[in-house]
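Peer 1: I have a structure I would like to understand better, so I am pasting it below and will then ask my questions one at a time.
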Amino acid sequence: MFKAIDVLQPEFIQKPLNELWTLISPLYKADEESWLKELLPLAKPTEQQLADHTNAASDLIAKVRKDDDNMSMIDALLLEYSLDTKEGILLMCLAEALMRVPDKETADAFIKDRLSVADWASHAKNSDSFFVNASTWGLLLTGKIVTMDENQDGTPANLVNRMVNRVSEPVIRKAMNQAMKIMGHQFVLGRDIKEALSRGKGYRDKGYTYSFDMLGEAALTAEDADKYLHSYEQAVESVGKDTYNQKHRPTISIKLSALHPRYEIGCEERVMTELSESVKGLITKARELNVGITIDAEEADRLELSLNLFEKLYRDEATRGWGLFGLVVQAYSKRALPVLAWLAALAKEQGDRIPIRLVKGAYWDSEIKLCQQRGINGYPVYTRKESTDVSYLACANFLLSEHTRANIFPQFASHNAHTIATIHCLAKQLGATSEEFEFQRLHGMGDALYNHLIKENDICVRIYAPVGSHKDLLPYLVRRLLENGANSSFVHRLIDASYPIADLIDHPVTTLESRKSLANPHINLPANLFDDRKNSFGPNIEIASEWTPFKAKIDAFMEQDTQWRAFPIVGGEKVATGHTHSILSPYDHSQAAGQIDWADTETVSKAIDLAEAAFPAWSARPATERADCLDRAADLMEENYAELMALCHREAGKTIQDSIDEVREAVDFCRYYAQQARSHFATPTSYIDFLGQGKQAQLKGRGVFTCISPWNFPLAIFAGQVVAALVVGNTVVAKPAEQTSLIAFRAIELLHQAGIPTDVLHLLPGDGATVGAPLTSDKRIAGLAFTGSTGTAQLINRTLAVRGVAPVPVIAETGGQNAMLVDSTSLPEQVVRDAVRSAFASAGQRCSALRVLFIQEDIADRVIPMIKGAMQEQAVGLPYLHSTDVGPVIDKKAQKMLLDHIEYMKTAGKLIAQTALPEFADKGTYVAPTAFEIDSIDQLTDEKFGPILHVVRYKARDLNKIIDTINNSGFGLTLGVHSRNETTCANIASRARVGNLYINRDQVGAVVGVQPFGGQGLSGTGPKAGGPHYLQRFAIEQDL
Amino acid sequence: MTIVQPIQIQVAQAVFEAWDKIGVTGRAEKLEKALVAFSDEQRNMAQWQIDNAKREIAETRVMPGPTGERNELSSQGRGPFLCISLVESDKANVGLVGQVFTALIAGNPVITVGQVGQDIMDKIMPYVAEGVIQNIADSALDSLIEADHLAGVATLCDDTQAQQLSQRLAAKGGLICQLIEETDSEQLSTIAKPHNLLRFVTERTVSNNTTAIGGNATLLELGSMDD
């Protein structure tokens, strides 16, 4: 961590660029307390400055409030429908989705769903804005109509209602669509650049200028990226030809994720070539026409990539010496200051100027959520709003410093009166003229603030204005607005005369320093997400400082000279049976990961003997001691993370992120079951029996448990079953899948190292005939946990049942025919992203993977081509490369079955798309991700465990029939739903007989203790793995 | 070849969704009305099972996790359950009542057998929808056990009978049919334990991305919260 205050020294940016570059990445998730202590001196005002800033802010707010015309329509709307009210959110939900719903039936149902659950009456006549009041009355009336009492058959209950209802639906739909169009008109400056230029003239007359952005969803296909590029080119051309008010030329802002379908670190090579070429073309055109270009900032994971791309383009002849190619930096990022320093040094080195828009950042909540989900051990953003404000002022101090101004043209984007006033004061104090910086605001927000500023000062204010069709843009803008709740809340308070001005002008440094801790104690670090256990850790593979050292550790196990040698482990001894098998890497069968000896009958028998003998002592150990072993095992797995990941790559063909997820899941299983055991097994449960007598029951182990696990989660499921059985007090004989026994061998070694006695836990690698059969037919087996095919589960169940002993628990997790239901309110981009991930991640070799995608016919022609386009962007390849999305399937048998099915479907269905295979595919067992359109799920007889997706169109009115069809398949593992209609989601949730239902997200990757996992019917017996009831099934409950 | 399910299984499947949807509280309300008709000990057993279900599975459990998603765990019935006592005694009848009420309160439709079953069904039937509880003659038992869509058998029996039943159920195709056996028909030492109920249910997790349309109200609240 460098000394932040040093950036104010002119020589700081004279350091070599590569030296300054090294300061950026390590701050990705820097300790918030320590880094803010560094930043505070840069933002801290002197007493005089504080007084000046406060007075300026106070003065500005007072003027705004006196202004009769102080609100734009969006401000007014947000004032009435604040985003912290139910009505505000509901209104935005409608705005986000209604315009894209093509069919009347779904639109009407959606309107009813959204409008019938809020108190619109309370908003009537509150606002001074005609627009807001008209909207409110519209909503109020509509809400009344759609909530009319109904008879059971859905008809209105009385005559008046019936009359109203007869005319109401088309009228309501039309009125609501009209309302959304009005809203779109407010949010979007123009449907095309021509309209935007025309509508912008009024503000330009006042002294404003513009930065136009052809905003929208990120491109998922090459075709969409081309469309965006074309619209940016048109915009550059139109703005270039525009001659209106030349004082401050409008510019164009570009969103890189719209210009390339894979703008991400994993595809760096493509970004630095394909995307670079696209942007260079734009720059060339823009330079010819003298239209500045600014690259928008996006998610934290893309920051370093965006800087690399920026540097390449900035140094290019096309840009050199221009001075109008800039980018956006987000102050909420802990890396903001060193990024600015690096950019200043870059500009200095080239002798140019870089325009930099400093924003606070618009993805704060998704950054936090993502880190929590991925187990990153820190956040890339500050956890308090005032910390972001402090960072903003610290960055502003640097940007406005004399030595920086020569190379950077700062553009301060904010809607916060205090920030604006402070920057303005700071600029004066540092001697920056109004030619050396500018302010920026969003179209439709902060009008009043800037109207005053611009009237009283000769200063440039640029309006960032979205341009595009209302239908495409409104959903995007509404999401940004909702994600930017902090902004809207300030707008809300700024205009609300009852809110004291004094409370709006606290200096962020004062506020932050008054806190007990600089980091927000209410937002736990991802490691502390759970109250009762530590969350598993995951490195961020998108960030160089995180991933490079981690990868180096994995690489140490990736060479062919690293070969694992594994054996059955019985009583802690490695048993060399002579039945030696090589384990080949699925991505290249000429490479071996190692060798393993399979167990023979004698070894199996000895293991059961020892396990049986060890049961009484192990069972008698306090549950807390057994739990401690699991916690130690979790820690050991994290200590051996790199080796376990290398095994996932080399033995199971797992991709990088899949391998991380694999280790994390195993770690989580250990810690979760340890905690569950402490809660439920350490002491007896008191209860009153049915005769009214007080009793105590103790959950105890049953005896020797057999655990049979699959190859698709060779560590996680293997470890999950084993530790669950162990912590309850059972002894365990474990048979891993033949294909993935090396990692199981390492897991057993780690469990023994963690303190599980060697006579309690035994590893028996081998096939079903030699190992599986005796492990299921031995009379001493007291229970069995199995994950695999439905057929094998039935076979095992039969074998256990004919042993001539009392029935024992069989905990089976089996197959699925998993579906996803998509209606026309859903957002196609989200659907395609989630469907492609659900179907093809892990080469479709997840129990939860999507097999049948049901798309409402009204949007199928839009969604299916997008799926095709997105599949063409998938990269099948070597699993240990970051660029690979889909690795190999496990072995030749699996490959043949899948290829046969693909051949069959080529005649039984209609091919939608097939992802290209790499040239070297023949070396391993690859299957190209393939999608077919079929007529019905009934065309599929059983699960095809691989990257094959089937798509079925359905009519909106047939939704319930589709649910019946899915239920009738007998499987019931996962189901995905994409819909904005909560009533629809609730209906599906209540009717679908599945174990795990996912709404508006992908349907893979259940997290232990968060999303307990397991199916019903043909998909499994339950209870759910990683859930609160799992351990009880491994135990007996005895009265004391 | 089309396999014809016994009519009772078809009926049970038809009513299953509606019965399951009512929830534990709704089912308890109905089942408690039937209690007066049972003998004291049977009533106590039935009430105990209802109360246990209210404690253990009535509430949907919100699971902890990342902000911006909501994960809920709840229980559902498994499907048609056969409840039968292969032991004849007053205590066994109490046990059978316990099995029937546990299966029902968990959300499953129930099929009882013979005269003992008929008596139980008659007492419950007025308070539940048609088909939620049915009874078959002893002679129809075999075809019911063989039925594909039978989700479970809750029984009072001896060890040998349990083994035999287990074998028969395992020999079937289709879903793995649960055998919930009480072999201690005098003390009822298995079925009247707090966790036994869990064998009658299947669990469901619903994971909702609450930030799909943008915004994360919970987090924004935490972010702006005072110390």
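Peer 1: Out of the residues in segment B:17-52 that are over 30 Å from A:Ile963 (Cβ atoms) and of a type in the set (Lys, Arg), state the one that is surrounded by the most Cβ atoms within 10 Å (Cβ to Cβ).
Peer 2: B:Arg43
Peer 1: Further question on the same structure: Can you name the residue in segment A:382-394 that is within 13 Å of A:Glu38 (Cβ to Cβ) and over 26 Å from the mean Cα position of the chain (by Cα) and, of all such residues, is nearest to the other protein chains (Cβ to nearest Cβ)?
Peer 2: A:Val390
Peer 1: Still on this structure: Here are A:Pro526, A:Pro521: which of them is within 20 Å of B:Leu219 (Cβ to Cβ), outside the structural domain of A:Arg632 (by TED's automatic domain parsing) and crowded, with 21+ Cβ neighbours inside 10 Å? So that I can check it myself, show each step before the final result.
Peer 2: Details: A:Pro521 fails: crowded, with 21+ Cβ neighbours inside 10 Å.
From the options A:Pro526, A:Pro521, the qualifying one is A:Pro526.
Peer 1: Quick one: in segment A:534-592, which of the residues that are β-branched (Val, Ile, Thr) and not in a strand (DSSP E or B) is surrounded by the fewest Cβ atoms within 10 Å (Cβ to Cβ)?
Peer 2: Keep residues of segment A:534-592 that are β-branched (Val, Ile, Thr), which gives A:541, A:543, A:548, A:554, A:562, A:569-570, A:575, A:577, A:580, A:583.
Those left that are additionally not in a strand (DSSP E or B): A:541, A:543, A:548, A:554, A:562, A:575, A:577.
Details: A:Ile541: 19, A:Ile543: 22, A:Thr548: 11, A:Ile554: 21, A:Thr562: 14, A:Val575: 20, A:Thr577: 17.
Per the criteria, the residue is A:Thr548.
Peer 1: Determine which member of the set A:Arg287, A:Arg262, A:Arg315 is over 24 Å from A:Ala345 (Cα atoms), among the charged types (D, E, K, R) and modelled with pLDDT of 95 or more.
Peer 2: On the way: A:Arg287 fails: over 24 Å from A:Ala345 (Cα atoms); A:Arg315 fails: over 24 Å from A:Ala345 (Cα atoms).
Testing whether each residue is over 24 Å from A:Ala345 (Cα atoms), among the charged types (D, E, K, R) and modelled with pLDDT of 95 or more leaves just A:Arg262.
Peer 1: Out of the residues in segment A:1003-1026 that are under 25 Å from B:Leu150 (Cα atoms) and among the aliphatic types (A, V, I, L, M), which is farthest from the other protein chains (Cβ to nearest Cβ)?
Peer 2: Across segment A:1003-1026, the extreme among qualifying residues is A:Ala1025.
Peer 1: Return a yes/no flag: does segment A:423-432 have any residue that is of a type in the set (Val, Ile, Thr), within 21 Å of A:Leu400 (Cβ to Cβ), modelled with pLDDT of 90 or more and not in a helix (DSSP H, G or I).
Peer 2: no
Peer 1: Does A:Ser838 count as under 30 Å from A:Gln721 (Cβ atoms) and of a type in the set (Ser, Thr, Tyr)? Spell out the reasoning first.
Peer 2: On the way: under 30 Å from A:Gln721 (Cβ atoms): yes; of a type in the set (Ser, Thr, Tyr): yes.
Taking the combined requirement at face value, the residue satisfies it.
Peer 1: Filter segment A:307-356 down to the residues that are outside any helix (DSSP H, G or I) and hydrophobic (A, V, I, L, M, F, W, C) and list them by number.
Peer 2: Taking segment A:307-356 first, the residues outside any helix (DSSP H, G or I) are A:316-335, A:351-356.
Within segment A:307-356, A:Ala318, A:Trp322, A:Leu324, A:Phe325, A:Leu327, A:Val328, A:Val329, A:Ala331, A:Ile354, A:Ile356 qualify.
Peer 1: Right, next: Looking only at segment A:940-955, count every residue that is out of contact with any helix residue (DSSP H, G or I) (no Cβ under 8 Å at 6 or more places or on another chain) and of a type in the set (Val, Ile, Thr) and tell me the total.
Peer 2: Of the residues in segment A:940-955, 1 are out of contact with any helix residue (DSSP H, G or I) (no Cβ under 8 Å at 6 or more places or on another chain) and of a type in the set (Val, Ile, Thr).
Peer 1: So, one more: Which of the residues spanning segment A:257-305 are assigned to a helix (DSSP H, G or I) and among the basic types (Lys, Arg)? Explain how you work it out, then say what you get.
Peer 2: Here is the first cut: in segment A:257-305, the ones assigned to a helix (DSSP H, G or I) are A:257-259, A:265-289, A:300-305.
Residues satisfying the conditions are A:Arg270, A:Lys280, A:Lys285, A:Arg287, A:Arg302.
Peer 1: A further question on this structure: Considering (1) part of a helix (DSSP H, G or I); (2) within 11 Å of chain A (Cβ to nearest Cβ); (3) crowded, with 23+ Cβ neighbours inside 10 Å, say which one B:Ile124 fails and leave the rest.
Peer 2: Condition not satisfied by B:Ile124: (2).
Peer 1: Checking A:Asn1000 against (1) more than 10 Å from every other protein chain (Cβ to nearest Cβ); (2) touching a residue at least 40 places away in the same chain (Cβ under 8 Å); (3) of a type in the set (S, T, N, Q); (4) under 21 Å from A:Ile867 (Cα atoms), which single condition isn't satisfied?
Peer 2: Checking A:Asn1000 against (1) more than 10 Å from every other protein chain (Cβ to nearest Cβ); (2) touching a residue at least 40 places away in the same chain (Cβ under 8 Å); (3) of a type in the set (S, T, N, Q); (4) under 21 Å from A:Ile867 (Cα atoms), the one that fails is (1).
Peer 1: Go through segment A:906-926 residue by residue and tally those that are closer than 24 Å to A:Gly869 by Cβ and part of a loop (DSSP other than H, G, I, E, B).
Peer 2: Count: 6.
Peer 1: Please tell me if A:Ala928 is without any contact (Cβ under 8 Å) to a residue 60 or more places away in the chain, of a type in the set (Gly, Ala, Ser) and within 14 Å of another protein chain (Cβ to nearest Cβ). Spell out the reasoning first.
Peer 2: Values: without any contact (Cβ under 8 Å) to a residue 60 or more places away in the chain: yes; of a type in the set (Gly, Ala, Ser): yes; within 14 Å of another protein chain (Cβ to nearest Cβ): no.
When the stated conditions are applied, A:Ala928 does not pass them.
Condition check ((1) modelled with pLDDT of 95 or more; (2) assigned to a loop (DSSP other than H, G, I, E, B); (3) within 14 Å of another protein chain (Cβ to nearest Cβ); (4) touching a helix residue (DSSP H, G or I) at 6+ places or on another chain (Cβ under 8 Å)) across all residues:
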| position | (1), (2), (3), (4) |
| --- | --- |
| A:Ala642 | yes, no, no, yes |
| A:His649 | yes, no, no, yes |
| A:Gln657 | yes, no, no, no |
| A:Gly692 | no, yes, yes, yes |
| A:Gln698 | yes, no, yes, no |
| A:Phe713 | yes, yes, no, yes |
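Peer 1: Of A:Ser826, A:Ser842, A:Ser838, which residue is of a type in the set (S, T, N, Q) and at positive phi? Walk me through how you get there before you give the answer.
Peer 2: On the way: A:Ser826 fails: at positive phi; A:Ser838 fails: at positive phi.
So the residue among A:Ser826, A:Ser842, A:Ser838 that is of a type in the set (S, T, N, Q) and at positive phi is A:Ser842.
Peer 1: Here's a follow-up. Looking at (1) in contact with an Asp or Glu (Cβ under 9 Å, 6 or more places away or on another chain); (2) touching a residue at least 40 places away in the same chain (Cβ under 8 Å); (3) closer than 13 Å to A:Ala819 by Cα; (4) of a type in the set (D, E, K, R), find the lone condition where A:Arg993 falls short.
Peer 2: With respect to (1) in contact with an Asp or Glu (Cβ under 9 Å, 6 or more places away or on another chain); (2) touching a residue at least 40 places away in the same chain (Cβ under 8 Å); (3) closer than 13 Å to A:Ala819 by Cα; (4) of a type in the set (D, E, K, R), A:Arg993 is out only on (2).
Peer 1: Given the criteria under 26 Å from A:Arg533 (Cβ atoms) and touching a strand residue (DSSP E or B) at 6+ places or on another chain (Cβ under 6 Å), does A:Gln1032 qualify? Can you show your working first?
Peer 2: Working: under 26 Å from A:Arg533 (Cβ atoms): yes; touching a strand residue (DSSP E or B) at 6+ places or on another chain (Cβ under 6 Å): no.
Considered against the rule, which asks whether it is under 26 Å from A:Arg533 (Cβ atoms) and touching a strand residue (DSSP E or B) at 6+ places or on another chain (Cβ under 6 Å), A:Gln1032 comes out as no.
Peer 1: Let me ask you something else. Please work out which residue is surrounded by the fewest Cβ atoms within 10 Å (Cβ to Cβ), limiting yourself to segment B:197-227 and to residues that are within 23 Å of B:Arg78 (Cα to Cα) and within 7 Å of another protein chain (Cβ to nearest Cβ).
Peer 2: B:Leu198
Peer 1: How many of the residues making up segment A:196-214 are crowded, with 22+ Cβ neighbours inside 10 Å and either among the hydrophobic types (A, V, I, L, M, F, W, C) or touching a Lys or Arg at 6+ places or on another chain (Cβ under 6 Å) (or both)? Quick ask: steps written out before the conclusion?
Peer 2: First, the residues of segment A:196-214 that are crowded, with 22+ Cβ neighbours inside 10 Å: A:196-197, A:200, A:208, A:210-214.
Remaining after also requiring either among the hydrophobic types (A, V, I, L, M, F, W, C) or touching a Lys or Arg at 6+ places or on another chain (Cβ under 6 Å) (or both): A:196-197, A:211-212, A:214.
Summing the residues that are crowded, with 22+ Cβ neighbours inside 10 Å and either among the hydrophobic types (A, V, I, L, M, F, W, C) or touching a Lys or Arg at 6+ places or on another chain (Cβ under 6 Å) (or both) in segment A:196-214 gives 5.
Peer 1: Moving on to the next point. Quick check on my filter: what residues within segment B:179-194 are within 7 Å of another protein chain (Cβ to nearest Cβ) and in contact (Cβ under 8 Å) with a residue 60 or more places away in the chain?
Peer 2: If the condition is that a residue be within 7 Å of another protein chain (Cβ to nearest Cβ) and in contact (Cβ under 8 Å) with a residue 60 or more places away in the chain, then B:Ala192, B:Pro194 are the ones that fit.
Peer 1: Being facing another protein chain (nearest Cβ under 9 Å), farther than 28 Å from A:Met897 by Cβ and basic (Lys, Arg) is the requirement here; does A:Arg957 meet it? Let's see the steps before the verdict.
Peer 2: Numbers: facing another protein chain (nearest Cβ under 9 Å): no; farther than 28 Å from A:Met897 by Cβ: yes; basic (Lys, Arg): yes.
No, not satisfied.
Peer 1: For segment A:932-1040, which strands (runs of 3 or more DSSP E) that fit wholly inside it have 3 or more residues that are under 28 Å from the mean Cα position of the chain (by Cα)?
Peer 2: Working: elements: A:948-954, A:974-978, A:996-999, A:1035-1039.
Result: A:948-954, A:974-978, A:996-999.
Peer 1: Please give the strands (runs of 3 or more DSSP E) falling wholly within segment B:150-227 in which 2 or more residues are touching a Leu at 6+ places or on another chain (Cβ under 7 Å) and of a type outside the set (D, E, K, R).
Peer 2: Working: elements: B:152-156, B:178-182, B:201-209.
Answer list for segment B:150-227: B:152-156, B:201-209.
One line per residue, one yes/no per condition, for (1) more than 30 Å from A:Ser969 (Cβ to Cβ); (2) more than 9 Å from every other protein chain (Cβ to nearest Cβ); (3) buried (at least 19 other Cβ atoms within 10 Å of the Cβ); (4) not hydrophobic (A, V, I, L, M, F, W, C):
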site: B:Val62; (1), (2), (3), (4): no, yes, no, no
site: B:Asn71; (1), (2), (3), (4): no, no, yes, yes
site: B:Gly77; (1), (2), (3), (4): no, yes, yes, yes
site: B:Leu104; (1), (2), (3), (4): no, yes, yes, no
site: B:Ala137; (1), (2), (3), (4): yes, yes, no, no
site: B:Asp142; (1), (2), (3), (4): no, yes, no, yes
site: B:Ala147; (1), (2), (3), (4): no, yes, yes, no
site: B:Thr155; (1), (2), (3), (4): no, yes, yes, yes
site: B:Lys172; (1), (2), (3), (4): no, no, no, yes
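Peer 1: Additional query: Yes or no: segment A:375-387 includes at least one residue that is hydroxyl-bearing (Ser, Thr, Tyr), over 17 Å from A:Leu303 (Cα atoms) and part of a helix (DSSP H, G or I).
Peer 2: yes
The values are calculated or read from the model by the stated rules, or taken from the named source; none is laboratory data. Note that the structure is a prediction, hence the values are computed from the model and not measured. Reconstructed Cβ throughout: ideal geometry from the backbone, glycine too, with neighbour counts over all protein chains shown.
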